[in-house]
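A short reminder: the numbers here are calculations on the coordinates, not readings from a lab. Because the structure is a prediction, the values reported are computed rather than measured. Note that each Cβ is placed from the backbone with ideal geometry, even for glycine, and that neighbours are counted across all protein chains shown.
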Amino acid sequence: MNKISVKDLNLFYGDFQALKNISLDIEDKKVTALIGSSGCGKSTFLRTLNRMNDLIDGVKIEGKIALEDEDIYESDIDAVALRRRIGMVFQKPNPFPKSIYENVAYGPKRHGIKNKKQLDEIVETSLREAALWDEVKDRLNKSALGLSGGQQQRLCIARALAMKPEVLLMDEPTSALDPIATAKIEDLIFELKKNYTIVIVTHSMQQAARISDETAFFLMGDLIESGKTQKIFTTPLDKRTEDYITGRFG
């Protein structure tokens, strides 16, 4: 079943067209990897899925993006409410300069949850889901900035999960991390896809091959090819996909 359906999507930064006529279905409770060289449009595409591009001046978007059956660019859609349903984790861990507890409780508090017991439960559940609880449960009131890079990134994932999203967008979530921290995040993604639809931008072919069910290859703002990851990596239909995956360019 499709969680998100993108149809005939064009995106312009002023006169520059960054995305050209993209159509892509994103399956529910699967990991979809977006691959392609720098500047090919994959992060721009990711940000269209929760309207983060709305925050950039001069952006114009055409086409349709439906979350289930709801067009997310309709004028009556509340972008803030949409971002509760479609959470995002960025390339560099960006914890708030607050305690570990306050980082996770921040979103629920802003949306009106004041009950301490309820917040405690949300914090614990989210940290458990992010495979971080056992490492931090005795230091919840300590600053999040004292965590390692990998722990900070899992904290940012917990912070997104605290909002009970349906979809999790990840923009190169391991690019700033060492191999051990990267492996922990990849293991976590395997667990999370049982309950969440995940779309991940990655520069690493190996990572895309390891963790994703579906792969979409972008080149210069075009979606060249998409499909089951194994098929894209073993028998791509387009020569450009094959050249990129085998390292002939990019």
Point to revise | Using alpha-carbon coordinates, inclination of helix 149-161 to the longest axis of the chain, degrees | key: 90
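Write down the percent of antiparallel bridges among all DSSP beta bridges whose residues are both part of the stretch 132-229, to the nearest 5. Please list the in-between numbers first.
Numbers: 6 of 11 bridges.
The answer is about 55 percent antiparallel.
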Check your understanding: How many nm is it between the label spots at Ile77 and Lys29, if each spot is 7 Å from the Cα in line with the beta carbon?
Key -> 2.4
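Just how large is the dipole of the stretch 66-214 about the Cα centre, in debye to the nearest 20, putting +1 at every Lys and Arg Cβ and -1 at every Asp and Glu Cβ? If you can, show how the numbers build up before the last one.
Values: 21 positive and 24 negative charges, 188 e Å.
For the stretch 66-214, the charge dipole is close to 900 debye.
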Point to revise | Rounded to 5, the percent of DSSP beta bridges in the stretch 2-245 classed as antiparallel | key: 60
Check your understanding: Between Asn2, Val59, Met170, whose Cα lies farthest towards the positive end of the dipole of the chain when Lys and Arg beta carbons carry +1 and Asp and Glu beta carbons carry -1, centred on the Cα centre?
Key -> Met170
Exercise for review: Taking the chain as the reference, fit the longest principal axis to its C-alpha atoms, fit the long axis of helix 116-129 to the helix C-alpha atoms, and give the angle between the two in degrees, 0 to 90, nearest 10.
Suggested key: 50
Study note, to complete from the structure: Quick note, the stretch 138-178: a/c under 1.5 would make it rounded; otherwise a/b > b/c is prolate and the rest oblate (a ≥ b ≥ c, C-alpha gyration tensor); here it is oblate
Practice item. Kindly state, to the nearest 0.05, the FRET efficiency for Lys116 paired with Arg248, given R0 = 51 Å and r defined as their beta-carbon distance. Key: 0.35
Point to revise | Nearest-20 debye value, the chain charge dipole, Cβ charges on Lys, Arg, Asp, Glu | key: 760
Revision key, fill the gap. Taking Cα atoms, the helix 100-110 axis meets the longest principal axis of the chain at an angle in degrees (rounded to 10) of 70
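Quick check: net charge around Gln118, other residues with Cβ under 13 Å of its Cβ, Lys/Arg +1 and Asp/Glu -1? Intermediate values should be presented prior to the final figure.
Details: positive: Lys109, Lys114, Lys116, Lys117, Lys164; negative: Asp120, Glu121, Glu124.
Around Gln118, the charge tally is +2.
Can you bin the stretch 167-250 into rounded, prolate or oblate? Criterion: square roots of the alpha carbon gyration tensor eigenvalues sorted a ≥ b ≥ c, rounded for a/c under 1.5, prolate for a/b above b/c, oblate for the rest. Present the calculation step by step, with values, prior to reporting the outcome.
Working: a/c = 1.94, a/b = 1.56, b/c = 1.24.
Judged from the Cα gyration tensor, the stretch 167-250 comes out prolate (a/c at least 1.5, a/b above b/c).
Extension gain Asp69-Lys92, at 0.36 nm per residue separation less the Cα-Cα distance, in nm?
Values: separation 23, 0.36 × 23 = 8.28 nm, distance 3.23 nm.
Here the answer is 5.1 nm.
Counting helices only, and only those DSSP H runs with n ≥ 4, report the 222 nm mean residue ellipticity of the chain as the sum of -39,500 (n - 2.57) divided by its residues, in deg cm²/dmol to the nearest 500. Show your work: numbers first, answer last.
Numbers: 10 runs with 90 residues, N = 250.
Computed mean residue ellipticity for the chain: -10000 deg cm²/dmol.
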Exercise for review: Between Asn10 and Glu186, take the C-beta separation as r, use R0 = 41 Å, and let me know the FRET efficiency to the nearest 0.05.
Suggested key: 0.80
